[in-house]
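Structure provided below as structure tokens; questions to follow.
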Amino acid sequence: MQDARRAALSLGPVYYLWDGPKWRDFYFRIADEADIEHVTLGETVCSKRQHFSEPHVAEVIERLEAAGKTVTLSTLAMVTLERESRHVRDLVRDSAHPVEANDLSALGLLKGKPHSIGPLVNVYNAATARTLAARGADNICLPPELPAASILEMLRAMPGFSFELFAFGRMPLAISARCAHARSKGLTKDNCQFICGEDPDGLPLRTLDRQSFLVLNGVQTMSGTCLVLADDLAPLVAAGLSRVRLSPQDCDMPRVAALYRAALDGRIDGEEAIAELAAAYPAARFSNGFLHQQEGAAWVARGRSAS
């Protein structure tokens, strides 16, 4: 188990469609430059995208492990086709690496085997967490919509268990069997032409009065803001939070990781980290409202309690 006084940094899977070389080079840079201990890989959003990254998976894993990072492989977030079901079965059966379940359909296959639970599975209370742990889960990444009070309650109810918190990135809000991203560009899901690849950080949506609202990412709907908890983590880590997850965005992620590590270690304060993060990811508005029991897109500045 991680020392409760020093949470490990982890990196979640890339949710967006990046071409194979970009995807590979991103992880090569993570291996070579980022102070990240755990990396979760794998197509999570849309099975049609898998062929872009699959040719590079083995070399990416080799590079990450050579750099001392542990690797976990993610399942799909929504399984609707037989080939997708077969892919999950094969992954659970054949993988030499731990598997992260991001859909309940994987849990039956994983029962009794050590595995992780991803943030796309709704774990909102200690009773659910205990049930999953009893079935073999040894790490649970909590969803980003949880308030701090609920997180603290779980940490106190299950001391020593490895809880992880989604702490940076556009928040995954919903996933659908239909592709609104393709429809927005006059295409259908079956003939999407991988149009989501034109938006490597998601397709921004606006309301009728032109206010920024959400982001489309293929069949996934994400927050229009970027979750940033760099100034909110200290009480959670002190209570036993084991890992802090960064979700890849189309920005300087090694720099993001360095800033989170420095903030977690107390080498810079949260306000300085946030200012530097704004320079590393200038395209995004930041939010942390869910943690403070407000609307998710809200920003709560320092001075408001996270407990």
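The values are calculated or read from the model by the stated rules, or taken from the named source; none is laboratory data. What you are looking at is a predicted structure, and each value in this text was computed from that prediction instead of being measured. Positions of Cβ are generated from backbone atoms using ideal geometry, with glycine treated the same way; all protein chains shown enter the neighbour counts.
Need a quick list: helices (runs of 4 or more DSSP H) entirely within segment 1-89 having at least 2 residues that are β-branched (Val, Ile, Thr) and surrounded by 15 or more Cβ atoms within 10 Å (Cβ to Cβ).
Passing ranges, in order: 57-66.
Specify which of the listed residues (Ser105, Ser116) is in contact (Cβ under 8 Å) with a residue 60 or more places away in the chain and surrounded by 15 or more Cβ atoms within 10 Å (Cβ to Cβ).
Numbers: Ser105 fails: in contact (Cβ under 8 Å) with a residue 60 or more places away in the chain.
Every option except Ser116 fails the conditions.
Would you confirm, using the coordinates I've provided, whether Phe194 is surrounded by fewer than 18 Cβ atoms within 10 Å (Cβ to Cβ), among the hydrophobic types (A, V, I, L, M, F, W, C) and in contact with a Pro (Cβ under 9 Å, 6 or more places away or on another chain)? Steps first, please.
Working: surrounded by fewer than 18 Cβ atoms within 10 Å (Cβ to Cβ): yes; among the hydrophobic types (A, V, I, L, M, F, W, C): yes; in contact with a Pro (Cβ under 9 Å, 6 or more places away or on another chain): no.
Considered against the rule, which asks whether it is surrounded by fewer than 18 Cβ atoms within 10 Å (Cβ to Cβ), among the hydrophobic types (A, V, I, L, M, F, W, C) and in contact with a Pro (Cβ under 9 Å, 6 or more places away or on another chain), Phe194 comes out as no.
Take segment 237-258 and flag every residue that is in a loop (DSSP other than H, G, I, E, B) and surrounded by fewer than 20 Cβ atoms within 10 Å (Cβ to Cβ).
Ala239, Asp250, Cys251, Asp252, listed by residue number.
Quick one: which residue in Ser247, Ser223 is among the hydroxyl-bearing types (Ser, Thr, Tyr) and either more than 26 Å from Asn139 (Cβ to Cβ) or out of contact with any Phe, Trp or Tyr (no Cβ under 8 Å at 6 or more places or on another chain) (or both)?
After ruling out the rest, the residue left standing is Ser223.
A further question follows. Output yes when any residue across segment 161-181 is part of a helix (DSSP H, G or I), over 20 Å from the mean Cα position of the chain (by Cα) and surrounded by fewer than 14 Cβ atoms within 10 Å (Cβ to Cβ), and no when none is.
No, segment 161-181 contains no residue that is part of a helix (DSSP H, G or I), over 20 Å from the mean Cα position of the chain (by Cα) and surrounded by fewer than 14 Cβ atoms within 10 Å (Cβ to Cβ).
Kindly provide the set of residues from segment 128-155 that are hydrophobic (A, V, I, L, M, F, W, C) and outside any helix (DSSP H, G or I), ordered by number. Before you say what the answer is, go through the steps one by one.
Going through segment 128-155, the residues hydrophobic (A, V, I, L, M, F, W, C) turn out to be 129, 132-134, 137, 140-142, 146, 148-149, 151-152, 154-155.
Ala137, Ile140, Cys141, Leu142, Leu146, listed by residue number.
Further question: Hey, among Arg156, Arg178, Arg206, Arg255, which residue is without any contact (Cβ under 8 Å) to a residue 60 or more places away in the chain, of a type outside the set (Ser, Thr, Tyr), out of contact with any Ser or Thr (no Cβ under 8 Å at 6 or more places or on another chain) and farther than 24 Å from Thr72 by Cα?
Result: Arg178 is the single residue among Arg156, Arg178, Arg206, Arg255 that is without any contact (Cβ under 8 Å) to a residue 60 or more places away in the chain, of a type outside the set (Ser, Thr, Tyr), out of contact with any Ser or Thr (no Cβ under 8 Å at 6 or more places or on another chain) and farther than 24 Å from Thr72 by Cα.
Identify the single condition in (1) at pLDDT below 95; (2) over 20 Å from the mean Cα position of the chain (by Cα) that Ala67 does not satisfy, given that it satisfies every other one.
So Ala67 meets the others, but not (1).
Which condition breaks for Ala275 when tested against (1) of a type in the set (A, V, I, L, M, F, W, C); (2) farther than 24 Å from Ala77 by Cα; (3) crowded, with 16+ Cβ neighbours inside 10 Å?
(3)
Okay, moving on. Could you tell me whether segment 177-197 includes any residue that is out of contact with any Cys (no Cβ under 9 Å at 6 or more places or on another chain) and under 19 Å from Val244 (Cβ atoms)?
Scanning segment 177-197, I find no residue that is out of contact with any Cys (no Cβ under 9 Å at 6 or more places or on another chain) and under 19 Å from Val244 (Cβ atoms), so the answer is no.
Any idea which residue in segment 278-298 is surrounded by the most Cβ atoms within 10 Å (Cβ to Cβ), counting only those that are closer than 20 Å to Asp201 by Cβ and touching a residue at least 60 places away in the same chain (Cβ under 8 Å)?
Of all residues in segment 278-298, those closer than 20 Å to Asp201 by Cβ come to 278-288, 296-297.
In the following step, the residues that additionally are touching a residue at least 60 places away in the same chain (Cβ under 8 Å) were identified as 283-288, 296-297.
Working: Ala283: 10, Ala284: 22, Arg285: 14, Phe286: 17, Ser287: 24, Asn288: 27, Gly296: 17, Ala297: 19.
By that ranking, first place goes to Asn288.
Being modelled with pLDDT of 95 or more, over 11 Å from Thr44 (Cβ atoms) and of a type outside the set (A, V, I, L, M, F, W, C) is the filter here; which residues of segment 70-81 pass it?
Thr70, Thr72
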